[in-house]
Amino acid sequence: MTKYLIASDIHVSSHKNSLQRLQHCLDALEWIFTTAAHHNIKNVLFLGDLFQDRQKIQVLPYHKTYEIVQKHAEQGLNIYMLIGNHDMWYADRCDISSVFPFGAIQNVTVVTQPSTLEIDGTKFDFLPYTHNPLESMKAFENTSRVLLGH
């Protein structure tokens, strides 16, 4: 049986320039990936809000987060990132987001629109943040057993 680790809403930031707050966020992200490895879980499904602020992200939090994701993806972990409302530049569109560049990392998939993905034999419907989830869900073919949304 395939196992998956599902997480969301880390909201990485250095709130009020607190390096301690930033480190707690990074430690939580690291914990997610090391826990997956410890339990031989190959797929982490992250359901949005990787970062705190949609329209400004400080370089240090972004850089450190990118390093952690890249390290674990390079070690063979498959990471699926759904766009959350805090990841989006626009309030009503997912095409520009802070998470988009992570898709350049091998083994990282960024989901920017309602999508059905088959992961190790299981179909998942991924629903990024939307103001109208019922309308957005019409994109699915109702063949999945699992709906993941932000």
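The values are calculated or read from the model by the stated rules, or taken from the named source; none is laboratory data. All of these numbers come straight from a predicted model, not from anything done at the bench. Using ideal geometry, Cβ is built from the backbone for each residue, glycine included, and neighbour counts are taken over all protein chains shown. Only protein heavy atoms, including side chains, enter the accessible area calculation; ligands, DNA and RNA are left aside. Shrake-Rupley method; radii C 1.70, N 1.55, O 1.52, S 1.80 Å.
Near the amide H of Asn85, within less than 5 Å, lie the amide hydrogens of Asp49, Tyr129, all on another chain or at least 5 residues away, with H placed in the peptide plane. When shorter helices are ignored and each DSSP H run of at least 4 residues is given -39500 (n - 2.57), the per-residue value for the chain at 222 nm works out to -8500 deg cm²/dmol.
Once the Cβ-Cβ distance of Asn85 and Gln58 is raised to the sixth power relative to R0 = 22 Å, the FRET efficiency obtained is 0.70.
Less than 5 angstrom separates the built amide H of Thr109 from those of Ile79, Tyr80, Met81, all sequence-distant by 5 or more or on a different chain. Relative contact order of region 7-150: 21 percent, from C-alpha pairs under 8 Å at least 6 residues apart in sequence. Residues in region 55-66 carry Karplus couplings, in order, of 10, 7, 10, 6, 5, 4, x, 5, 4, 5, 5, 4 Hz; the curve used is 6.51 cos²θ - 1.76 cosθ + 1.60 with θ = phi - 60°, and Gly or Pro positions show x.
Qualifying GluC sites (Glu not before Pro) in region 113-150, where qualification requires a DSSP coil assignment and no more than 14 other C-beta atoms within 10 Å, comprise Glu141.
Once both labels are positioned 7 Å from their Cα atoms along Cα-to-Cβ, the gap between Val146 and Trp31 label points is 2.2 nm. The Cβ shell under 12 Å around Leu45 holds other residues with a net charge of 0, Lys and Arg each +1, Asp and Glu each -1. Return the lysines within reach of Lys138: Cα separation strictly under 24 angstrom, same-chain partners fewer than 8 residues apart disregarded; answer none if there are no such residues. By straight Cα distance, Lys138 reaches Lys123. Between the entries [x] 16.2; [y] 16.6; [z] 15.6, the label attached to Kirkwood radius over Cα pairs in Å calculated for this structure is [z].
Solvent-accessible area per residue in the chain equals 57 Å², computed with a 1.4 angstrom probe and all protein chains kept. Measuring between their Cα centroids, region 88-129 and region 7-27 lie 22 Å from each other.
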